[in-house]
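The values are calculated or read from the model by the stated rules, or taken from the named source; none is laboratory data. Here the structure is a predicted model, which is why all the values come from computation and not from measurement. Every residue, glycine as well, gets a Cβ built from its backbone with ideal geometry; the counts of neighbours run over all protein chains shown.
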Amino acid sequence: MIRLQNIEKVYRTSTIETLALNSINLEVAKGEFLSIMGPSGCGKSTLLNIIGLLDAPTRGDISIGEQKTGHLGDRELAAFRNKKLGFIFQSYHLINDLQVVDNVELPLLYRSMSAKERKQLATEALEKVGLSNRINHFPTQLSGGQRQRVAIARAIVGRPEIILADEPTGNLDSAMGNEIMEILMDLNRNEGTTIVMVTHDENMAHKTHRLVRLFDGSQVS
Amino acid sequence: MFKHLLKLIWNKKKQNFLLISEILFSFMVIFAVFTFGIYCWDNYKQPMGMEYENVLAVNFTNPVKTTNADSLRLFYETVKRNLKSLPEVDEVSYASVNIPFSESTINNSMDINGKNIRQINEFSGEDSYPGVVNLKMAEGRWYNKQDGLPGTRNMVINRALKEKAFGDVPVVGKFLGDPAKPSERFKIIGVIENIKFNGDYQSPALAIYKRMDTAGYKWVSNMLIKVRPSADAAFESRLYKTLANSLNNANVEIEHLANKRISINKMTLVPMIILSIVAGFLIINVALGLFGVLWYNINKRRGEIGLRRALGATGNGVSSQIVWEAMILATFSMIIGSFFAVQFPLLNVFDLPAMVYIIALLASVLFIYALVLVCSLYPGRQAAAIYPAVALHEE
Ligand SMILES: Nc1ncnc2c1ncn2[C@@H]1O[C@H](COP(=O)(O)OP(=O)(O)OP(=O)(O)O)[C@@H](O)[C@H]1O
Ligand SMILES: [Mg+2]
């Protein structure tokens, strides 16, 4: 499903050059639930951004599905992200000025789809994460766990094949974290969604199919 | 997408309030300037209706002590004959004090065709008046000797008054004045084309033209003289001497009508220019403010922008979203602004043609849209340049 070959990422600033990723070779199978661990600053987010086509590697190739992505332009990348990928972030990244249902609809806005259909899909996605009764709330009126569930609903509303989650439980206590983890595992089990998740939590990581450890930009296991 | 943006803006109405009022305020100022400007331009395009080149305006203190009508007439006819004997002089007419481009006005109201019409300018001139300023008849004729016969009550009006009172129909033979008061009743014998006697940028006001007769000579203090193009400064000093002698050493002032036109035009142009400069500075301020607010908003919304990119927005999509949001805000402002603006024609606040307001309104709308577009293009491009990976990493 996802294939990374010799990925290298160098961040250059005027004073310093950081090798954030160093010859990463990684394959994720369809339907796999993979977790990535490693100390802070080892390049986990960088790796996830590269898989998510939000950032280009300095060297190396990425293919997702059968698609090589190196030559894609801005439009094609955007369309690709929109259809194939779902994102979940540690800090939720909800738009506070939009109601829950409108937040969940966001990815569908970048497809051609009627407003009715969008609302329908968003409501369904919210049902799946158990938030049907919070549709018209604003994000600021929700708890952290609820916010993350909104973010998951947003990630799944477009039925992507792959979900990329960067420390989805990082801001939550363990009970809430487990709740989120349950939802992701259900998604993986029932819908066959491929999930790549960055986490700091060994317990969470052990619930996934496979664990990849990074250290200083290199894959160590 | 459009509905989504509306919702986003609506939910942020508190933050957007300042921006909306700023745009609203500049819209109203622009509307005022454009209304004034279009009104002036509209008037400027109208024909002047007369010739002012080579016309001298003479102002004198009335030197005659006698009240005897015959001696008065004799005196002023002699003055006129003396002037016409100068080879450079083509035509002479005594005129009421409100000569073209002067700041004096004589206003009256009149009942015409069943309407009480106010603000009618009342001019007086002699039979030779059209020859001096080359005014043109739209209908009928100007005065001649017959109109001086006792019992004749004839009147010449201008086209503006005719249209106001009667509409666009022939009016020669119709009457002015209240039928119940025969002493104020006149028969229309002619309609002259409008003269912009208040200068190029003012609309030709309503006017009647009276025949100056013996009774008028008692108060006369102005005359207009059409001279040959060859008339020079030397001629003017000869003219001055002739006048001083004929008028028994009265105080005499000679001006060129062309110069009077320039100075009366300034009375409109100067406020216009000042208003435009003030408005210009204001617009620059508003533009900078708009630019700043949009810029600030984008920096505040980096997370959102990164997110939208992750969810499938292209760089151009993000950039056009910023522009669209600004345009929608401008639309809100202008809907409110238009509500105020249409009150001017509806309540007829300044007695300007409704068309002037409509054109000014449309021009203001276009102007504000263009301004907002220009001010949001660059912030929009900046938004497109935000790296989603970086923006999502912040917070
Ligand atoms: N935009 C950037 N410019 C320069 N350096 C960067 C940039 N983003 C990340 N880095 C550097 O790259 C390295 C990897 O960063 P990354 O965010 O991937 O770490 P991480 O494993 O996600 O850490 P954490 O667990 O704290 O989130 C770090 O040394 C970081 O300083
Ligand atoms: Mg990270």
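For the structure I just gave you, tell me whether A:S112 is within 13 Å of another protein chain (Cβ to nearest Cβ), among the polar types (S, T, N, Q) and crowded, with 16+ Cβ neighbours inside 10 Å. The answer is no for A:S112.
Considering only residues in region A:34-61 that are of a type outside the set (K, R), farther than 26 Å from A:K207 by Cβ and away from ligand 1 (no atom under 15 Å from the Cβ), the one that is surrounded by the most Cβ atoms within 10 Å (Cβ to Cβ) turns out to be A:L53.
Scan A:D102, A:D61 and give me the residue that is among the charged types (D, E, K, R) and at pLDDT 95 or above. Answer to the check: A:D102. When region A:159-203 is limited to residues that are within 14 Å of chain B (Cβ to nearest Cβ) and within 16 Å of ligand 2 (Cβ to nearest atom), the one that is farthest from A:G130 (Cα to Cα) turns out to be A:V198. Could you list, in sequence order, the residues of region A:193-213 that are assigned to a strand (DSSP E or B) and out of contact with any Ser or Thr (no Cβ under 9 Å at 6 or more places or on another chain)? Once the filter is applied, which keeps residues that are assigned to a strand (DSSP E or B) and out of contact with any Ser or Thr (no Cβ under 9 Å at 6 or more places or on another chain), region A:193-213 yields only A:T194. Checked against (1) more than 7 Å from every other protein chain (Cβ to nearest Cβ); (2) closer than 24 Å to B:H393 by Cβ; (3) over 19 Å from the mean Cα position of the chain (by Cα); (4) free of Cβ contacts under 8 Å to residues at least 24 places away in the same chain, A:N96 meets all criteria but (4). On the stretch given as region B:225-249, residues that are in contact (Cβ under 8 Å) with a residue 12 or more places away in the chain, assigned to a helix (DSSP H, G or I) and among the hydrophobic types (A, V, I, L, M, F, W, C) total 3.
Within the option set B:P345, B:P379, being over 30 Å from A:V104 (Cα atoms) and either out of contact with any Gly (no Cβ under 7 Å at 6 or more places or on another chain) or assigned to a loop (DSSP other than H, G, I, E, B) (or both) holds for one residue only, B:P345. When region A:204-221 is limited to residues that are surrounded by fewer than 20 Cβ atoms within 10 Å (Cβ to Cβ) and of a type in the set (S, T, N, Q), the one that is farthest from ligand 2 (Cβ to nearest atom) turns out to be A:S221.
Residue check: is A:T169 without any contact (Cβ under 8 Å) to a residue 40 or more places away in the chain and within 16 Å of ligand 1 (Cβ to nearest atom)? Yes. Residues of region A:41-66 that are closer than 15 Å to A:S218 by Cα and either part of a helix (DSSP H, G or I) or in contact (Cβ under 8 Å) with a residue 40 or more places away in the chain (or both): A:C42, A:G43, A:K44, A:S45, A:T46, A:L47, A:L48, A:I50, A:P57, A:T58, A:R59, A:G60.
Somewhere in region A:204-219, is a residue modelled with pLDDT under 95, more than 16 Å from ligand 1 (Cβ to nearest atom), among the aliphatic types (A, V, I, L, M) and touching a helix residue (DSSP H, G or I) at 6+ places or on another chain (Cβ under 9 Å)? No, every residue in region A:204-219 fails to be modelled with pLDDT under 95, more than 16 Å from ligand 1 (Cβ to nearest atom), among the aliphatic types (A, V, I, L, M) and touching a helix residue (DSSP H, G or I) at 6+ places or on another chain (Cβ under 9 Å).
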